Amino acid sequence: MILPSDPVRQDKKDNIDPGDSIYKQPDVALLNEKQWRYVQRRYHISPRELEVAKLICKGFVNGDIAAKLNVKPGTVKTHIKSIFGKTHARNKITLLLRFMEDVNDFFSKSTSISSPL
């Protein structure tokens, strides 16, 4: 017995336009420039490490970061290792969460201090 084809299970390639990419990076800004400057000062991150950290937080993988910054993948790995050492993060997700938590803590405290009760 032949079952009718399930339209939901169509080949995924049929549902994707040629200009689309499955791995398209989202255009998201999790932190603004003031918050990134705080992160850079707090962890003593170099300007190049900051560029790498921003791309990590946007979801880029090492190879894409290397291509975007026009450096070798090994250089990106070195920067990431240095960032991890300075922030005491073990992986990229922990790094992102640490940045978000630190920025939220700092800016919520500074807002509550500057506003009258």
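We did not get these values from a lab; they are worked out from the coordinates using the rules stated. In this text the structure is predicted, and so the values were computed from the model without any measurement. Virtual Cβ from ideal backbone geometry, glycine too; neighbours counted across all protein chains shown.
Sort the range 47-117 into rounded, prolate or oblate with this rule: let a ≥ b ≥ c be the square roots of the eigenvalues of the Cα gyration tensor; rounded if a/c is under 1.5, and if a/c is not under 1.5, prolate when a/b is larger than b/c, oblate otherwise. Prolate is the answer for the range 47-117, as a/c is 1.5 or above and a/b outweighs b/c. Here the range 47-117 is assigned +1 on the Cβ of each Lys and Arg and -1 on the Cβ of each Asp and Glu. Its dipole about the Cα centre then comes out at about 320 debye.
Each listed q (0.28, 0.32, 0.33 Å⁻¹) maps to a log10 I(q)/I(0) for the range 28-76, found by the Debye formula over equal Cα scatterers with no solvent: -1.06, -1.18, -1.21. Placing pseudo-labels 7 Å out from each Cα toward the beta carbon at Asp102 and His44 gives an inter-label distance of 1.2 nm. How many Lys pairs in the range 47-117 lie less than 29 angstrom apart by Cα atoms, where the lysines are 8 or more positions apart or on different chains? Lysine pair count for the range 47-117: 26.
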